[in-house]
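Please treat every number below as a calculation from the coordinates, not as lab data. Quantities reported herein were computed from a predicted structural model and do not represent experimental measurements. We place every Cβ from the backbone using ideal geometry, glycine too, and count neighbours over all the protein chains shown.
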Amino acid sequence: MTVRIPVITIDGASGTGKGVVTQLVAKRLGWNLLDSGALYRVLALATQKHGVSLENEPVLQILAEHLDVKFQTPETGELPHILLEGQEVTDAIRTEKIGNAASKVGTFPSVRAALLGRQRAFRQSPGLVTDGRDMGTVVFPDADVKIFLTASPEERARRRYNQLKEKGIDVNLSDLIEELRERDKRDQERAVAPLRPAEDAVSIDTDRMTINQVVERIMLEVTNAHIENACGKKGAM
Ligand code: C5P
């Protein structure tokens with residue numbers, strides 16, 4: 001008998017708090033975590049490293065198919081160390097420049113198809129919490145709980161600004177607003193897997209909510225779906 005492994009998808013635009021919320025929900029449940037944006041970011045970094053143009057779809061596809069990326073997770077729910085070709089790139093992929101390049105490589109259908117299997121491979125017992133743009137619509141359409149986070153553009157820019165500052169990355173707020181706008185437009189308008197809520201997703205406007213309130217709200221959906229102990233806790237037999 002095969003046991004069905006539950007999945008919670010948390011999609012939304014950049015700056016909606018997806019990353020931290022996903023990490024906290026995964027930690028609470030003791031489940032695995034997939035930050036799908038990190039895969040697109042690593043691919044974007046690989047294009048730089050190998051001098052591949054962001055327009056060259058056939059070569060980008062090959063690069064995506066052979067991408068030597070490893071996520072090393074110290075503890076369940078902790079953020080993984082990310083290695084590209086054996087080199088630590090955990091911080092290097094977090095710049096806005098790489099975020100923008102990731103959004104460009106993500107417009108190509110063959111690139112997205114090449115990354116599909118890798119993302120689905122993260123569905124391991126006891127469960128998966130994943131964040132991105134198309135987790136609920138394309139990658140895990142059968143997810144047990146689908147969340148779509150929203151926030152106003154001003155709030156998202158402010159959050160991204162603070163986040164990048166905290167990481168010691170120098171940013172200019174008006175440049176950031178402009179870049180977010182461009183990236184949103186590209187993510188929403190691309191032909192394949194555009195940023196949009198799944199029909200059965202629960203949308204949460206996070207503008208006036210703290211991170212913990214968002215996590216609690218999602219945990220309520222998880223409780224209602226009766227999936228918390230579907231496969232026990234990670235590491236438990
Ligand atoms: O979420 P994050 O900002 O790290 O994602 C970087 C970029 O990668 C996004 O702007 C988006 O274009 C792309 N992406 C995607 N599909 C996903 C996750 C990210 O196209 N599931």
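Working only within segment 105-128, note down all residues that are within 13 Å of the ligand (Cβ to nearest atom), among the basic types (K, R) and surrounded by fewer than 20 Cβ atoms within 10 Å (Cβ to Cβ). Talk me through it step by step, then tell me what you get.
Applying the first criterion (within 13 Å of the ligand (Cβ to nearest atom)) to segment 105-128 yields 105-109, 111-116, 118-120, 122.
Within this subset, residues satisfying the condition of being among the basic types (K, R) are 112, 118, 120.
Scanning segment 105-128 gives R118, R120.
Of the conditions (1) within 12 Å of the ligand (Cβ to nearest atom); (2) assigned to a loop (DSSP other than H, G, I, E, B); (3) not hydroxyl-bearing (S, T, Y), E78 clears all except one; give me its number.
Tallying (1) within 12 Å of the ligand (Cβ to nearest atom); (2) assigned to a loop (DSSP other than H, G, I, E, B); (3) not hydroxyl-bearing (S, T, Y), E78 fails exactly one: (1).
Within the bounds of segment 30-49, is there any residue that is within 22 Å of D187 (Cβ to Cβ), touching a Leu at 6+ places or on another chain (Cβ under 6 Å), away from the ligand (no atom under 13 Å from the Cβ) and among the small types (G, A, S)?
yes
If you go through segment 85-103 one residue at a time, do you hit one that is away from the ligand (no atom under 11 Å from the Cβ), surrounded by fewer than 22 Cβ atoms within 10 Å (Cβ to Cβ), more than 14 Å from the chain's Cα centre (by Cα) and in a helix (DSSP H, G or I)?
Checking segment 85-103: at least one residue is away from the ligand (no atom under 11 Å from the Cβ), surrounded by fewer than 22 Cβ atoms within 10 Å (Cβ to Cβ), more than 14 Å from the chain's Cα centre (by Cα) and in a helix (DSSP H, G or I).
Among E85, E65, which is the only one that is at positive phi and either in contact with a strand residue (DSSP E or B) (Cβ under 9 Å, 6 or more places away or on another chain) or not small (G, A, S) (or both)? Quick ask: steps written out before the conclusion?
Values: E65 fails: at positive phi.
From the options E85, E65, the qualifying one is E85.
Being part of a loop (DSSP other than H, G, I, E, B), touching a Gly at 6+ places or on another chain (Cβ under 9 Å) and within 23 Å of R183 (Cα to Cα) is the filter here; which residues of segment 135-161 pass it? Before the answer, list the steps.
Let us first name the residues in segment 135-161 that are part of a loop (DSSP other than H, G, I, E, B), namely 140-144, 151-152.
Adding the requirement that they be touching a Gly at 6+ places or on another chain (Cβ under 9 Å) leaves 143-144, 151.
Matches in segment 135-161: A151 only.
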